[in-house]
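A quick write-up on the structure given underneath.
The values are calculated or read from the model by the stated rules, or taken from the named source; none is laboratory data. It should be emphasised that the depicted structure is a prediction, and the values quoted were computed from it without experimental measurement. Cβ coordinates were reconstructed from backbone atoms using ideal geometry, including for glycine residues, and neighbour counts include every protein chain displayed.
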Amino acid sequence: MTPELRPPRFVARFCEACGGRLERRPVLGRERLVCPHCGYVMYQNLRVGASVLVDMGQRTVLLTRRSINPGFDHWVLPGGYVEQGETVADAARRETREETGLAVALEGVLDVYAYRPSLVAVVVYLARPAGGALLAASDECFEIRPFIEAEIPWDRIAFGSTRDALRAYFARPAAP
């Protein structure tokens, strides 16, 4: 992933408990953000994203070309952040429907991807179309398009999780 396409790393500056300015200190063998006033430790936990590798049949996958940052004008799997109160699987289905207009049947997790220094872990599901119409249902993408492996614009893939999921998918043996 090129540096300009990495999501910005959020670093908290103020304590959630008392509002004091945080400092970096060793805690439990790692450098962490600590409030010197109240002792609160601010753990920088990962956010969870859900993406879907939609198998359109004949080893053809669906990608969207982003109209927002990060990854503006680059290709990605449909997906986004898991919202409070929903399961990761529900988020994957919701994001796919919002971004493509397509309902999908999830067939299992392909893999989970997390890269330093990003604070995001992405769960990538394998899925098949289950209804709906393929269209740009969201302001988040310019274009939605199915690709066979030879057509994938590898130099225009926005995120490592998309690139690695595509490689993992195409490395699998084709279904009979």
Subset tally (residues that are exposed (fewer than 14 other Cβ atoms within 10 Å of the Cβ), touching a residue at least 24 places away in the same chain (Cβ under 8 Å) and basic (Lys, Arg)) for the range 156-176: 1
Test: residue in the range 24-33 that is within 25 Å of ALA127 (Cβ to Cβ) and either among the hydrophobic types (A, V, I, L, M, F, W, C) or touching a strand residue (DSSP E or B) at 6+ places or on another chain (Cβ under 6 Å) (or both): no
Subset tally (residues that are over 16 Å from the mean Cα position of the chain (by Cα), under 26 Å from ARG116 (Cβ atoms) and either surrounded by 12 or more Cβ atoms within 10 Å (Cβ to Cβ) or of a type in the set (Gly, Ala, Ser) (or both)) for the range 134-155: 2
Filter result (within 18 Å of the chain's Cα centre (by Cα) and modelled with pLDDT of 95 or more) within the range 115-133: ALA121, VAL122, VAL123, VAL124, TYR125, LEU126, ALA127
Which listed residue is within 14 Å of SER51 (Cα to Cα), modelled with pLDDT of 95 or more and of a type in the set (Gly, Ala, Ser), from GLY79, GLY85: GLY79
